[in-house]
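The values are calculated or read from the model by the stated rules, or taken from the named source; none is laboratory data. A quick note: this is a predicted structure, and the numbers were derived from the prediction, not measured. Here the Cβ positions follow ideal geometry from the backbone for every residue, glycine too, while neighbour counts run over all protein chains shown.
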């Protein structure tokens, strides 16, 4: 398979539309490959370890084994409707924002989009910009997903699925409650996206010799490692975001600094890396699938239009 490159004569609008559509397809591939790992990560992040008590799950593999024993394979896909509905447009917006960021960097540098290469620093800055429109769209879906994922098996609180979770959140604190954790999400994704796109582009260039066509293997390797680097820097922000978004009662009023301080005091530095194992395990296959889906669909669009 050879990837068709973007046409240098593409208008900025055409390039943005192609990136929007291919980003959405990449997002669907990412959810399908990564959801079970994400569910395990959230279950690990939300279990509170008390002194002298054994935790329910000792790690990622133990959590997977126990969830499958209790809830079957479907248990690992609990709550997938929210990310599938939410992540597809988010990735579309993310890749659209990334392309817009790249166009902006070309304008600042006075270079030509589609012809000249940006430096990896400029790529990372364009990546950080992509998090802004994506977070505006993503925060409510993340909140709903986290609330659904921590609900124990057999609970009848949210019988109506996603709809009853949304109505519970809205009753609790209106639309503002739906956006709880937005600042933490923006921090996680702004910093994570700098690593994500910077590493992807850097590895893609390193794995593609001068004048050679981009290969699927280069995309898979670059995409997988980019996903791992993204999570390596984003995990502490993600843990705090999950705590903020699943907090109830008095805990719900606490912000990023308060949650971070309390977690460090009660559970130590390691608490900020809770769920790191499943996140890193998920990162390679999910993001390899995402970038492969994105590059294949972008190549298809470049051939067709």
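General remarks:
- Residue identified as under 30 Å from residue 114 (Cβ atoms) and in contact (Cβ under 8 Å) with a residue 60 or more places away in the chain among 75, 59, 24: 24
- Odd one out for residue 164 among (1) without any contact (Cβ under 8 Å) to a residue 12 or more places away in the chain; (2) part of a loop (DSSP other than H, G, I, E, B): (2)
- Among (1) crowded, with 18+ Cβ neighbours inside 10 Å; (2) in contact with a helix residue (DSSP H, G or I) (Cβ under 6 Å, 6 or more places away or on another chain) - the single one residue 208 does not satisfy: (1)
- Only residues that are outside any helix (DSSP H, G or I) and more than 16 Å from residue 3 (Cα to Cα) were counted across the range 184-211, and they come to 0.
- Unique residue being farther than 30 Å from residue 99 by Cβ and either assigned to a helix (DSSP H, G or I) or touching a strand residue (DSSP E or B) at 6+ places or on another chain (Cβ under 9 Å) (or both) when the list is 278, 236: 278
- Lone qualifier among 39, 76 - being modelled with pLDDT under 95, touching a helix residue (DSSP H, G or I) at 6+ places or on another chain (Cβ under 8 Å), more than 21 Å from residue 294 (Cα to Cα) and surrounded by 22 or more Cβ atoms within 10 Å (Cβ to Cβ): 39
- Taking each residue of the range 240-258 that is on the phi > 0 side of the Ramachandran plot and buried (at least 16 other Cβ atoms within 10 Å of the Cβ) and looking for partners that are modelled with pLDDT of 90 or more and assigned to a loop (DSSP other than H, G, I, E, B) with beta-carbon atoms closer than 9 Å, six or more apart or interchain, yields nothing.
- Matching residues in the range 130-161 - criterion: being touching a residue at least 60 places away in the same chain (Cβ under 8 Å) and either surrounded by 12 or more Cβ atoms within 10 Å (Cβ to Cβ) or under 17 Å from residue 86 (Cα atoms) (or both): 130, 131, 142, 143, 144, 145, 146, 147, 148, 149, 150, 161
- Scope the range 263-275; condition within 25 Å of the chain's Cα centre (by Cα), surrounded by 13 or more Cβ atoms within 10 Å (Cβ to Cβ) and part of a helix (DSSP H, G or I); matching residues: 263, 264, 271, 272, 273
- Residues considered: 176, 163, 188. Of these, the only one that is touching a helix residue (DSSP H, G or I) at 6+ places or on another chain (Cβ under 9 Å) and closer than 17 Å to residue 146 by Cα is 188.
- Residues of the range 216-230 satisfying the condition of being touching a residue at least 24 places away in the same chain (Cβ under 8 Å) and surrounded by fewer than 23 Cβ atoms within 10 Å (Cβ to Cβ): 216, 220, 221, 224, 225, 228, 229
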